[in-house]
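The block underneath contains the structure these notes are about, expressed in structure tokens.
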Amino acid sequence: MNAPRPLIGSLTRSVSRPVSTQWTARKDRRPSVQAKMVPYTRRYDVTWMDDAGFMEDFTRVAPAMPIFESGFNALAHGALVSTPRGHVAVEDLVPGMMIDTATGEPARLRWIGSITLVPDAPERGVPDRLYRVVADSLGFARPAVDLTLGPGARLLDRAPEVCRRLGTEAALVPVTTRVDGEAIIEIAPVSAARVYHLSFDHHHVISVNGIEVESFHPGPDAIYSLSDEMRDQFLALFPHKKSLHEFGRMLWPRFDAAPE
């Protein structure tokens, strides 16, 4: 088995880091406050398969920024992923398994990331939420049974208004923008909840409880939104990718606006 990759960041328990305040003298001699924001952190758990077929796993502490978290918080515990051998709960998947995709050809799973959402964590600032898609609410057997998703989930949407605005046959929309209190319900977890995301050699749309959900992709603008230091920390969580470019072309465009 390959030697584990060097870790970036501490493996100690994540703690809150408040805004640090520095007093400086202004030209008019009155003090001013310069706030230096230090990002909160999370523990990110990763299991992945290298090119030789060996599996490794690690836990790493990294910034609790949306672009980091979105790679780990799409599917809640119990979500049923379609495979050539039948449905498998997301927590039972392992890298190397073949997963059904929307193209009709199974793809080999290369990477599984997970984090724990903690309700009302005082250091988080923004509370974590889950999203329940009610059985049959999007059509017959869509989903077949209630499906709970995390805030990082994106669904394949073929709604005419979306397609018309983008000029495409479909788009990937955040589940957070589709909450209506009936078909999709926002949930405040009352206990710690484990959430997951999946990554392949290429971008895919997979079936989860009969709903089309995208595999992880940082998005076309990720390379411009991260500093060099943050980019290194981000890529360290995805050792099956050597650069952001290796996430490849997205199958469908993204549409982040709420429906009109």
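The values are calculated or read from the model by the stated rules, or taken from the named source; none is laboratory data. From a predicted model like this one, the values you see are computed outputs, not experimental measurements. Cβ: placed from backbone, ideal geometry, glycine included. Neighbour counts: every protein chain shown. The area values use the complete protein model at the heavy-atom level, side chains included, leaving out ligands, DNA and RNA. Shrake-Rupley method; radii C 1.70, N 1.55, O 1.52, S 1.80 Å.
Looking at D180, is it closer than 22 Å to M97 by Cα, open to solvent by 60 Å² or more (accessible area, probe 1.4 Å) and outside any strand (DSSP E or B)? In short, no.
If we keep just the residues of the stretch 125-143 that are open to solvent by 60 Å² or more (accessible area, probe 1.4 Å) and in contact with an Asp or Glu (Cβ under 9 Å, 6 or more places away or on another chain), which is modelled with the highest pLDDT?
First, pick out the residues of the stretch 125-143 that are open to solvent by 60 Å² or more (accessible area, probe 1.4 Å): 125-127, 129, 132, 136, 138, 140, 142.
Within this subset, residues satisfying the condition of being in contact with an Asp or Glu (Cβ under 9 Å, 6 or more places away or on another chain) are 127, 129, 132, 142.
Values: P127: 79, R129: 92, R132: 97, R142: 93.
By that ranking, first place goes to R132.
In the stretch 43-69, what residues are of a type outside the set (D, E, K, R) and assigned to a loop (DSSP other than H, G, I, E, B)? Scanning the stretch 43-69 gives A52, G53, F54, A64, M65. The set of residues in the stretch 130-144 that are assigned to a loop (DSSP other than H, G, I, E, B), under 23 Å from S70 (Cβ atoms) and among the hydrophobic types (A, V, I, L, M, F, W, C) contains only L138.
Just to be sure, is I99 β-branched (V, I, T) and buried (at least 17 other Cβ atoms within 10 Å of the Cβ)?
On the way: β-branched (V, I, T): yes; buried (at least 17 other Cβ atoms within 10 Å of the Cβ): yes.
The answer is yes for I99.
Against the condition under 22 Å from the mean Cα position of the chain (by Cα) and either at pLDDT 95 or above or not aromatic (F, W, Y) (or both), how does S16 come out, does it pass?
The answer is yes for S16.
Of all residue pairs spaced 6 or more apart or on separate chains, those with beta-carbon atoms under 6 Å, a first member in the stretch 99-116 that is under 15 Å from L149 (Cα atoms) and a second member that is assigned to a loop (DSSP other than H, G, I, E, B) and open to solvent by 20 Å² or more (accessible area, probe 1.4 Å) are T116/A192.
Could you list, in sequence order, the residues of the stretch 201-236 that are of a type outside the set (A, V, I, L, M) and free of Cβ contacts under 8 Å to residues at least 12 places away in the same chain? Those that are of a type outside the set (A, V, I, L, M) and free of Cβ contacts under 8 Å to residues at least 12 places away in the same chain: D221, Y224, S227, D228, E229. In the stretch 183-215, which residue that is more than 23 Å from H87 (Cβ to Cβ) and not acidic (D, E) is surrounded by the most Cβ atoms within 10 Å (Cβ to Cβ)? Restricting to residues being more than 23 Å from H87 (Cβ to Cβ) and not acidic (D, E), the top hit is P189. Filtering the stretch 228-250 to residues that are open to solvent by less than 60 Å² (accessible area, probe 1.4 Å) and either among the acidic types (D, E) or in a loop (DSSP other than H, G, I, E, B) (or both) leaves L237, F238, P239, H240, K241, S243, G248, M250.
Condition check for E105 on (1) more than 18 Å from S207 (Cα to Cα); (2) of a type outside the set (G, A, S); (3) open to solvent by 10 Å² or more (accessible area, probe 1.4 Å): one failure, at (1).
Out of the stretch 216-227, which residues are among the aliphatic types (A, V, I, L, M) and open to solvent by less than 50 Å² (accessible area, probe 1.4 Å)?
So in the stretch 216-227, the residues among the aliphatic types (A, V, I, L, M) come out as 222-223, 226.
Passing the criteria: A222, L226.
Out of all the residues in the stretch 70-90, is one or more touching a Phe, Trp or Tyr at 6+ places or on another chain (Cβ under 6 Å), open to solvent by less than 20 Å² (accessible area, probe 1.4 Å) and assigned to a strand (DSSP E or B)? Yes: one or more hits. Restricted to the stretch 145-177, and to residues there that are in a helix (DSSP H, G or I) and open to solvent by less than 20 Å² (accessible area, probe 1.4 Å), the residue that is farthest from A89 (Cα to Cα) is V162.
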